[in-house]
Each structure stands twice: as C-alpha cells, then as structure tokens.
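Asker: Starting off with a structure, shown below.
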Amino acid sequence: MAKEDLDTDDPRSSMPAELHHPHSECSQWKFKLFRVRSMEKAPLPSEMEAEKGALLGISSSAPPKKDLENAVTPGSIMKLCLGGKSRENIEGPGQRVDIKLQEMETHMNHLRYLCRLCGTMLNKVKGPAHDVHGDLDVASRGALRKMGCKLTSWPEVLHKVFKVNVTEDTESVHPLLFCHRCWMTAMRGGGVCSLTRTRVADWKPHSSVCQLCSPRKALYQRTGRKRRKTIPRAQSLAKRGRWDHGESIAVGDRRALRHCVIKKKARIQREQRVRSITQCHKDHLNTDMISEKLPVDFLISLTCVACDHLLCDPVQLPCRHLLCRSCIQKYANVLGPHCPTCNSPFSPSDLTVPPKAFLSALHSVPLLCPAAGCGKQVRLDSLKAHCLSHELGENCKPSDADNYLLANKGGRPRQHLLSLTRRAQKHRLRDLKNQVKEFADKEEGGDVKSVCVTLFLLALRSGNEHRQADELEAIIRGRGSGLHPAVCLAIRVNTFLSCSQYHKMYRTVKATSGRQIFQPLHTLRSVEKELLPGFHQFEWQPALKNVSPSCSVGIINGLAGCSSTVDDSPADTITRRFRYDVALVSALKDLEEDIMDGLRENEMDDSASTSGFSVMIKESCDGMGDVSEKHGGGPLVPEKVVRFSFTVMSVSILPEGKEGKVTIYTEPKPNSELSCKPLCLMSVDESDHETLTAILRPVIAERQAMKESRLILSIGGLPRSFRFHFRGTGYDEKMVREMEGLEASGSTYICTLCDSSRLDASQNMVLHSITRSHDENLERYETWRSNPFSESADELRERVKGVSAKPFMETHPTLDALHCDIGNATEFYKIFQDEIGEMYKKVNPSRDERRSWRAALDKQLRKKMKLKPVMRMNGNYARRLMTLETVEVVCELVPSEERREVLKELMRLYIQMKPVWRATCPAKECPDQLCRYSFNSQRFADLLSSTFKYRYNGKITNYLHKTLAHVPEIIERDGSIGAWASEGNESANKLFRRFRKMNARQSKAFELEDVLKHHWLYTSKYLQKFMEAHKDSAIAMQASINPVECQDDADIPMEDNELSSSLDLSSL
C-alpha cells in the first residue's frame, strides 16, 4: 500500500489520458513496466540535469522569444514515461520505443510554438507571447481596469473576449501560449468583447492524420494527381547583389550589418510604406553624408527606426527605441500609437528626450558638406552654419539642414520648445505672444486663437505636411477626427442616448481607436449651457412689469408667481417651464446667423440696421393624452401632460427711408417638430380649465408685459431692438374652447369663429363671417357671471353665445388645418358607410345594420387599399382615405350608379379645396385652387344639402362649417392657414416618451425638467446645422477608428473587420 501511495503521489506517475491505447492492454502493462523500472534508479525530473542534445534524434529548438523560455512549457512526454532515463538505458540495441510516444512528443513540440487562439506561429507575430493559464501582468491589469474590467486572470479574460474556456485545456491537445496580436484584441475590447473578427482555432487530439505532424495537402491524395517536380533554375537566375550601405563601410562591416537587419525585400517594402507616411526625405539628413567609417551598431543607434535617416529632434519611447519627433507623430496618426520596432503601445505623454550623453554624441557626428566642390567634414550641430556661410552662387543644398537644428547661442545645449515647462515656454515666446496679440486686436477683433491656429495651419502647408494640415482644418470646422462638442451633443440628443449610454460609447471608441473622437460629458454640458435659456445678457426698455430683471434664469417651477391654493392648482400638479422672455432671447440668439444672412441678402447695412426689428411668434398648446408607462395593467389614474410651445415664424425690419417692412427671416418648416420650441410642461389634464388657468397665468402676464416693451439684444456684435407680436393659432378645437371659455363641442354653438348655431350653419353653409374675438368673449363672460338682466339659463346662454367660463389666453381666430383634415376625413368615413347601406332609403336603421356597413367598408379598404381599421382617426389614415383611389374602391360597394358619381364629385371638390388651407403660402403654391375656392365650396355645400340631405338636415360638423364658410376670409387676412397650424406641436408628442427614456431620475419633477431641457436642445438650429454638416460623420468615424493590422503571413486565421460597423449608437 505504501508503494502504491508512493506511486500515486510521485509527479512522474501523472500521464495524459491520450497516451492510453484504446484497444491494447499490452501497452498499458508496458507503461507500468517503464514506470516501475524507472523508480528503482532514476531520480526525479526536478533533480535531473538538463540533457544536452536531442532525444531520439528530434531536435527541440529553443522558443523564438525570451518570454517563451520563461513560460511554463510541457516536459518531454518520453522522459515522463521513461522515468527520466534515455532510451538506450531502458531498452537494448535494436529495440524500439512505442511509436505512439514519438508521435505524441513531436505533436507537443509543435504545439509549443503555436497560438492557442488563432493558431498562428508565435515567431511570426511581433511582441511577446503570453501564458494562457497565468494571471494578468501589472500593465495589462491597469489598462483593463481603466476601461472598467476587473478580471484578474487570463482564462477569465479570454472567456469573455473570445468565448473560449481554457480551464479545461490539456497539454497534449492545446497550446499553452497565445500571441501578442490576440493580446491586443483582448485589450482593445476592454476585456469584455472582441472588436475584430478572430477565428478561434479548433484543436483536436493527435491522430494518424494530424495536420500539425504531417502537414500534407489532401488535394493530391484525393484527386490522384502527381506532384510536379521543381525544375532547377539556379543558373538562369541573376546573382543577388550585396546590400551596399555606402563606400565608407568596409566589406566585413557590410557582412555584419547584413546579419543585423531584416531581409532586403522586406526592408524595401517597409521603407516605402513608412516613407509614404513620414514624408521626411526632404527635411532629414541621410546616413550617406557621414564621412567616417563608423561601427555598424553605432550607426544604427543614430538612425530613426521609422525613416532610416539621422535622428532629428529625437525622442525616446518607453521601450527605449529612438525616433524623430515628427516621424513618430505621423506614424502614430496613421498606424496607431505603437512602436514601429517592437509594437509596444505608448501615449503622447510618454515621449521623453534622450540623455544628454547621447545627444552630445549625435551632435558630434562628422558629416560631409552637401555643397558641390566643398567636401569638408563638419559636425552635425555646425552643419547649418557651415551651409549658410557658402555664397549664394554655389550649388549647395541648405534645404537638407535648414530645418534640422536650432541656433545655439553658446552655453548649455538649447532645449527644444516642446521639452520645456509651461513657464519656460511662456518666457521664450513672450515677445511673439505680444506681437500676435497686437495683430489680433488690430485686425481680427482680438481673436488670438484663430490667428495662432491659422499660423500653425500655414506652417504645415508650407512644410508639405498636408495630411496633418487637413486634419487640423477639419477639426477647426468641426468635422475632424476629434468631433466638435456641439456635434457630439447633437448626436446624443438626436439619437436619444442617456448619460450612461453616451459615456459607454465614448469609452469604447476611445479605447478602440486610441484617440478621443467623442468629447466627454462635461464638455457637452458646457455646450448645453450656451444653448439653453439663461446664458445670454439682454435688457427690456421699459422694464417688464412684475418680471424679474435677472437674465440668468433657467428652468423654473411653473407654479411660481401664482397663488398656490387647492382650487387653483392641485397638490399633485407638477410643472416646469422657462421664463417666456428668457426663452425668446435664446431662440433669437439661435437664429443669429440667419438674421445676419437675411440682412446681407437684402443689401442692408449691418451697422445701420439696429432698430425696427419685428418678430412674429406662433403659440401652440396641446395635451399629449395619457403618457404613463404601461407596465401590466397600468396606473389607476392616467398620467396626462400638456405642453405649451412657441415658434419664431418670421423676423422683419422697417428700414429707414422705406414704407413697408422687409422680411429677413421666415421659418422654412413652420409645421415641423424641429421648429416648435417647448416653453412649459404641465402634468395636468387639458380639460381641467381651472388648473390650466392657474398654471398659465404667469405666462400670460409675461406675454402681456412683452407686448408693451422692446428687447435690446446683441446680434452680430451690435445691440439691436426687437418687438414681439404673438398669435395663438396652434390649438385644436378642444383647446380653443377651453382657453376662450366656450362650452364643449356638443353645445348649440358649434363654431369658435362666429356665433352660428348648428341649425344656422346647416341652412346657410357658405355665407358666414368671423364675429368672435377675445375681448368680446371677456365681456360675455362678465355678463354670464353677473346676469345683469336677471334672465333664465337658456336666455342667458343665448345672450352670451355659449361663453360659460373666463377666457384666460388670447387666441387668434383661425382654422387648425391638421385637425380640419382629420375631422373631415371622419365625416367622409361615415358618409361611405351610409352610402354602402343606402341610408337615404331608410329612416332609422338598427345598430347591427350599421355595424355590418362598417365591417364591409373596413374589409374593402383593407383588401384593396391596405388600410387597417383604427379605433380613432389619425392624420396618416386621413391622408390615405381622402383620395380618388379610395373613392373608386368604396364605390364598388355602393349599389346605385347615380350615388357613385355624386360621391366621386364630392371627393374631387374636396381635393381641389384642400391645398388652399394646407399650403404654407397658397397665393404662390396653388393660385388656381385659391381663385376657384368660392365656387367649389358653394358646389360642395349644394351637394351636401341636396344629395346628402338625410345626414345634414339641421346639423353640420364644426370643421365642415369652417371649411366652407371661413377659409377665404382667413387667407385674405393672414395670407395662410397651413403655416399657422398646430401640426408641429402635435408631431412633437411622440418625442416625449423618447426623451423620458433618456433619463433614469426617479422624481417626476426632475423628469419633466430633463425632458424640457433635451426637447429644447432637439429644436436648436445651431445643433441642426451641425447635424446637416455631419451627415456622413458615421462613415468618417468608421474610417478613423478602424484598426488596420498588417498581417505578416497569409495563413493567419484572422479576418479584418471594420470596428465601427458593429458600433450601433442607438444600442449602446
């Protein structure tokens, strides 16, 4: 038992399972026999001396790198099985060891030189090899910890990055090392993902057809073709010439130099590639100018490893390699921040100046003067002065040395400007700084930064460094590799990224590309402050009544400034808003470039146009319905929100000496959500008239005060005065009735523009005029409240024409084009149902009959027009329903031919009238339809009152009434109806939920504040211009952060893939 325990505990007793023969029991007894005999005399493997030479004639060459020698490698499997003794000591001459042992040892020797992950030969990849089962070194652990990875061992990292479990690897099947390229892949992925498509090798146990031990192509064995013999062509080939390094180097030195450097073909390819990057052959000195026969190793130490020229302004990398400063900067910008020799990564802050002893040796190198006929030997630090001493007529080449060295006035060697401290740099450049500042104050308005950047750009252009100059110019214009903070902010807002999602994208791109393409969050917040209200200074003359003169006012509580009683505002009401005047100032500053362009287009003097500006504002207010998060059954009480917003419609000026106003800016998209700026968000129901009155009372007070004053604001560097005009037109029918205090839509008085009742509107469909106004509604409310004539309720309602509450906001009498289309489409949908069921023949159809008519209509529209039934009419459904194609489809279900023609005629008339109230400027866009509108509306009304009398006998809808009676009068007064619609505010409703998901703050008050802030940034013209200028920024980012890796061997099983193709901004 003791012997068995000893055998079990002996380290030599461990044998891989692959060595057991699957069919023969004799091989197992043979292994046991070897093990027992070796225990009698053979020492342990740890006590044996290293055997010299090869075992069984198989040479085990040393690993290619120092890291491979220090790494843990598997021992010889034959020595393990033979107990540390050689084959001759165990067997007699003529006997053979089991062939399986030889094959396994050969197989494991092959595995030592392969990468565990990609299967590449380790000696073909630059950089050290790494242990698969080891712990992370200090440098790798620190780099991964900066990117948020807290793993401590390589098996965990490889499992995360390459999805490979290496803890179950065996030495006889899997390699124990992985290459430096796979290490770089793991580091670039932050230890959690792979940003390049690496194909992991599939390792299999040794067999008779092992590809590692017998790497023959199966193609010849499969097809039976005979391999062609190689025809010797040694005599026909030209003799390879020796590499000539100059006449100053002896033949023996050439032979030594040839063994120190790489092959000539690879060297020529590398020189051409690097020369195309550095472009320094005109600025740096060649080694052919050295006059003496210097040692080869010393000569190599004086040359740049990137361009093979003499070092110019040398810098030292952390790996102790020396390069020219300009060469390493260009090399890093193109191929990434790593050493050209050993591929070690570095950062720009790691570049240091070499020791003074090396610099003195470099400056003392003797060179031949490049001037023709001179031939003198000059020190490197004196070459420039020597070349300048020649006469101008001589054919010298000062261009090779003019830009090489700085003038030294004696004393200690003059240090380079970039190697000095910040204080020393300021001291050396103080005279130049004063000159540049004086020039900037005199010529460029004090913009020192633009002058310095322009000088640097011109210096790069003059030095033929066009690549770096193009990058600098792109960065100045906000579309370079490092994106402008405004571009990053626009990307974040338009893609609805939260802070954590943007920060994750920022860290991933920075860790992958090695450059800061996106800007950090604190930089974006500084840009936000400039774009949000409360940043710019302004003044009101005279000062606004009951409004604070402070300019730096951001988002405030919407209930501030009003009495917070239970009747006025419930306790659970949450509202956030901007101050009205501060928001208008920010909106005008956002349009500063457009205003100045308008002045130049109208040939107006910029300095003379400082007063007489008039700004037209469109106000909109609408409820967004239930915006609560639907989790499960949803909340018990619906969460409803109302948004009040405004749009800058136009800016005009009254020039001196002219009678009419000149419009210098007009909103190109007045019905877009990008032009509708939010002012106030309220968590309240839009039908709650009292709460709306209490919340919007401060807004009304600020609006009334701004009407009586003028704004003094700096536009284009000069203070200019603005007056504001407000039009409350962006309201739907329900909101207008709430704000003007009218009764609901089911009342007797159906119109908000005139005093017509339903009966009057149905009997006279066309001849009506606008009679209601805000002032008249206020008087009628006072009559309703006081009842001075002591009348009954019906008599009092007839006197005030349906006004039953106090109007709290002045609305402009107009027609909402969007809801007009929806309302008319709803009415046509009902007409289609009645015509299908022949309603004109029936007096009182049952509910089941009406349902059958609607089902038939929905089925026909779904089958022919692909229109799915909706519970409530919306704008998209209305646009597709109100077409001639839809009428043709519906007429297939109408039995009477006469009714079909009338239905088609009714739709044709409506389609001719619709562009008049939908167009932004109908006088320019549809003048013919505008001229024929009165005729078409009269014909439309005749059809309704005759053919469809069964439906419009004594009643008519409010939108049909406004369409037929009030459209020409509104267009004659305002010039347009579509431009003043509420479509922009309606289309912005879908943004509320998306902005809400961007923020994870628990409080509802902070949530409304964040939504209001990001919605304002979404409508910023400044950010929209950046987004238009950077439509292809994603493609540019892909090209800039794609890691290009040069493959030394075509058999490397790794495929290049563009990193940014897998970088989805909206999914981070």
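Asker: If packing is taken as the average count of other Cβ atoms within 10 Å, what order do 963-976, 683-696 fall into, highest mean first?
Answerer: Those peptides, ordered most packed to least, come out 683-696, 963-976.
Asker: Please give the contour-minus-distance gain from Asp202 to His133: 0.36 nm per residue of separation, less the Cα-Cα distance, rounded to one decimal in nm.
Answerer: Between Asp202 and His133, full extension yields 23.0 nm more.
Asker: Kindly state, to the nearest 0.05, the FRET efficiency for Gln516 paired with Thr341, given R0 = 30 Å and r defined as their beta-carbon distance.
Answerer: Calculated value: 0.70.
Asker: Go through 336-345, 891-900, 575-584 and give me the packing order, highest mean Cβ count within 10 Å leading.
Answerer: Per-residue Cβ counts within 10 Å, averaged per peptide and sorted highest first, yield 575-584, 336-345, 891-900.
Asker: Rounded to the nearest percent, how much of the accessible area of the range 877-994 (1.4 Å probe, protein heavy atoms only) is carbon and sulfur?
Answerer: The nonpolar share, carbon plus sulfur, comes to 49 percent.
Asker: So, one more: Report the label-to-label distance for Leu457 and Val353 in nanometres (one decimal), using points 7 Å from each Cα along the Cα→Cβ vector.
Answerer: 3.2
Asker: Another question, then. Starting with the highest mean, order 660-666, 761-767 by the number of other Cβ atoms within 10 Å, averaged over the residues of each peptide.
Answerer: 761-767, 660-666
Asker: Whole Å is fine, so just give me how far the alpha carbon centre of the range 168-195 lies from that of the range 580-602.
Answerer: 57
Asker: Here's something else I'd like to know. Over the range 775-842, what is the relative contact order in whole percent, taking alpha-carbon pairs under 8 Å and six or more residues apart?
Answerer: Value for the range 775-842: 28 percent.
Asker: With r as the distance between the Cβ atoms of His774 and Lys661 and R0 = 25 Å, compute the FRET efficiency 1/(1 + (r/R0)^6) and round to 0.05.
Answerer: So, using R0 = 25 Å, E works out to roughly 0.50.
Asker: Now for a different question. With a 1.4 Å probe and every protein chain left in place, tell me how much accessible area Cys452 has, in Å² to the nearest 10.
Answerer: Its accessible surface works out to 60 Å², give or take rounding.
Asker: Determine which residues of the range 700-743 fall in the zone a paramagnetic label at Ala543 would reach in this model, i.e. backbone nitrogen under 16 Å from the point 7 Å along Cα→Cβ.
Answerer: Backbone N within reach: 705-706, 709-712.
Asker: For the range 921-1031, calculate the relative contact order in percent as a whole number, restricting contacts to Cα pairs under 8 Å that are 6 or more residues apart.
Answerer: Dividing the mean separation by the residue count of the range 921-1031 yields 21 percent.
Asker: With each label point set 7 Å from Cα along the Cα-Cβ vector, what nm distance links Val553 and Ser714?
Answerer: Here the answer is 2.2 nm between the modelled labels.
The values are calculated or read from the model by the stated rules, or taken from the named source; none is laboratory data. Because the structure is predicted, anything quoted here is derived from the model rather than measured. Neighbour counts are summed over all protein chains in view; Cβ atoms, including those assigned to glycine, are modelled from backbone coordinates with ideal geometry. Heavy atoms of the whole protein, side chains included, go into the accessibility calculation; ligands, DNA and RNA do not. Shrake-Rupley method; radii C 1.70, N 1.55, O 1.52, S 1.80 Å.
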